[in-house]
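Student: Starting off with a structure, shown below.
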Amino acid sequence: MPYWRLSLYNLSYFAFLGIFAPYFSLYLAALGWTAGAIAAAMALMQAMRVLAPPLWSLPLERGVGHVALLRRAAVMALAAGGVFLVAGEPRWVLPAVAVIGFCWSGALPVFEALTFAHLREEAHRYARIRLWGSIGFIVAVLGLGHWLERDGVETLPVWLVAALAGGVLMAFALPEPTPTRVLVRTLPPWRTVLARREVTAFLLASFAMSAAHGPLYVFYSMHLDRLGYGKEAIGALWALGVASEIVLFWALPGLLRRFTVRTLLFVAYGAAVVRFLAIGWGGAWPVVVVLAQLLHAATFGVFHGANVHLLRQWFPGPLLARGQALYGSLSFGAGGMLGAMVSGWSWSALGPEWTYTLGSAFALSGMGFVAIALRHGASVDDEVVK
């Protein structure tokens, strides 16, 4: 099992996110873009998370290899990223963001399906591979924060392209898994799985949680910048959240053995309600911001870890790539896009405090869908994960 190659691909993949998510909005603001235009660019990235995963999963079902797809995605994203080096106008930047988002978002479910194909009976090791993505994010966000503080946010495109180039190198280092025999006839059609009430409610809950994070991913850096935090401090706060995620992923196998899925998900959604209220109304106090960032361990780490377990239950074997694609598209994609669009409107109309309050409201609605999903999914509701 190629543990280190899978881990290093994760590291390079999320290093790009560590550059894009905290600093791209600041870069666009430095170019003179309005809040609405910035939100549109970030929402476009989220829109690709709706379209890309299902489309990239189709070739897998037709026999195209996981690694071949990942290599295509990496090369296409790098080619689009070159636009950032020569142009900053919306007519050039927006199409480039769309292509990068299409490739970057489509690659993740393909890679996760590849990871589980390599892990086989060692699926519990998934969290230990995924945490290297968090390490890549931290290295990128901290290192770049120091650089941008010194040389200005205008140098960001160089680093975006460098991260995409690293993704190409790591994609070409990945091996295909050894084929295994699977009794496909014993598996239900994916549409039948999707029609189950608990699965639908689970996807709606994930949609709401991703929408709740919209203000965070679009305006968190701008929010802190307006409150007087420097770029190094902003980078450190992003890194702190992801560091808490690393600790969580390391501890996740034990948590999944000790607690039910119901307990873990309620903790995650409850933490999101508190976290976004704290960011919106208490951002001027560093201690509040630090504590809110530590809750990222729950709002993403616990949330994603429990969800991956449920997906492996409901979409077994060859259905997993489809399940991962649906999960990514409907939750991170559609939910994230809605959150970005709503926050783009509310930021100007209502201000930061109420923008993050809307994020908390989305998380609270997601908690209601979790209750529906686990009430009707008795086998999951009462289970302590093995």
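We did not get these values from a lab; they are worked out from the coordinates using the rules stated. This is a predicted model, so every value here is computed, not measured. Counting neighbours? That spans all protein chains shown, and the Cβs are built from the backbone with ideal geometry, glycine included.
Student: What does a probe at THR155 reach in region 10-39, counting residues whose amide N is under 20 Å from the point 7 Å along Cα→Cβ?
Tutor: 15-32, by backbone N distance to the label point.
Student: Something else now. Divide by every residue of the chain the summed helix terms, -39500 (n - 2.57) for each DSSP H run of at least 4, and state the resulting mean residue ellipticity at 222 nm, rounded to the nearest 500 deg cm²/dmol.
Tutor: -26500 deg cm²/dmol
Student: Taking the Cα centre of the chain as the origin and placing charges on Cβ (Lys, Arg +1; Asp, Glu -1), which of SER134, TYR229, TRP159 is farthest toward the positive end of the dipole?
Tutor: The listed residue farthest towards the positive side: SER134.
Student: If you wrap region 205-256's Cα atoms in a convex hull and average its projection over all directions, what's the area in nm²?
Tutor: The number I arrive at for region 205-256 is 4.5 nm².
Student: Compactness ratio of region 56-113: Cα Rg over 2.2 N^0.38 Å, N = residue count?
Tutor: Details: Rg = 12.9 Å, N = 58, 2.2 N^0.38 = 10.3 Å.
Against the empirical 2.2 N^0.38 Å value, I get 1.25 for region 56-113.
Student: Over the chain, what is the mean sequence separation of C-alpha contacts under 8 Å (at least six apart), divided by residue count, expressed as relative contact order in percent?
Tutor: 30 percent
Student: About the Cα centre of region 187-286, what is the dipole size in debye to 20, counting +1 per Lys and Arg Cβ and -1 per Asp and Glu Cβ, all else neutral?
Tutor: Numbers: 9 positive and 4 negative charges, 89 e Å.
Magnitude of the dipole: close to 420 debye.
Student: A follow-up question, please. Could you size up the charge dipole of region 24-167 around its Cα centre, putting +1 on the beta carbon of Lys and Arg and -1 on that of Asp and Glu, and report it in debye to the nearest 20?
Tutor: For region 24-167, the charge dipole is close to 340 debye.
Student: Simple spin-label model, 7 Å along Cα-to-Cβ: ARG226 to VAL139 in nm?
Tutor: In this crude spin-label approximation the distance works out to 3.5 nm.
Student: With charges only on Cβ, +1 for K and R and -1 for D and E, what is the dipole size of the chain about its Cα centre, in debye, rounded to 20?
Tutor: Approximately 1080 debye in magnitude.
Student: Given 37 °C and 0.692 mPa s, compute D for region 150-291 with the Stokes-Einstein relation, Rh being the Kirkwood radius over Cα pairs; round to the nearest whole µm²/s. Please list the in-between numbers first.
Tutor: Working: Rh = 19.6 Å.
Translational D for this selection: 168 µm²/s.
Student: How fast does region 237-386 diffuse by Stokes-Einstein, in µm²/s, taking the Kirkwood radius from C-alpha pairs at 25 °C and 0.890 mPa s?
Tutor: 150 µm²/s
Student: Take every Cα pair under 8 Å in region 249-322 that's 6+ residues apart, average their separations, divide by the length, and report that relative contact order as a whole percent.
Tutor: Here the relative contact order equals 36 percent.
Student: Among the complete DSSP H segments of the chain, which ones combine at least 15 Å of alpha-carbon extent along their axis with a mean Kyte-Doolittle hydropathy of 0.5 or more?
Tutor: Working: long enough: 3-30 (40 Å, 0.92); 35-61 (41 Å, 1.09); 66-81 (23 Å, 1.24); 90-119 (43 Å, 1.21); 126-151 (38 Å, 0.55); 156-173 (26 Å, 2.12); 197-212 (23 Å, 1.12); 214-226 (18 Å, -0.01); 231-258 (39 Å, 0.95); 261-282 (30 Å, 1.47); 303-314 (17 Å, -0.23); 336-349 (19 Å, 0.71); 352-376 (37 Å, 0.62).
Within the chain the helices that satisfy the rule are 3-30, 35-61, 66-81, 90-119, 126-151, 156-173, 197-212, 231-258, 261-282, 336-349, 352-376.
Student: For the chain, set up a Gaussian network in which alpha carbons nearer than 10 Å are linked by springs, and say which option among ARG150, ARG125, ARG62 fluctuates the most.
Tutor: ARG62
Student: In percent, how large is the relative contact order of region 28-110, given Cα pairs closer than 8 Å and 6 or more residues apart?
Tutor: 46 percent
Student: Let me ask something additional. Once each part is reduced to its C-alpha centroid, what is the distance from region 188-251 to region 111-144 in angstrom?
Tutor: Between the Cα centres of region 188-251 and region 111-144 lies a distance of 16 Å.
Student: Sort all Cα-Cα distances of the chain into consecutive 10 angstrom bins from zero, then give the percent of pairs in each bin up to the one containing the longest distance.
Tutor: 5, 24, 36, 25, 8, 1, 0
Student: How long is region 1-115 along each principal axis, judged by its Cα atoms, biggest number first, in Å?
Tutor: Principal extents (Cα only, largest first): 47, 28, 22 Å.
Student: Could you rank the peptides 33-45, 197-209 by their average count of other C-beta atoms within 10 Å per residue, with the highest value first? Walk me through the numbers on the way to the answer.
Tutor: Details: 33-45: 20.2, 197-209: 22.8.
So the order, starting with the most tightly packed, is 197-209, 33-45.
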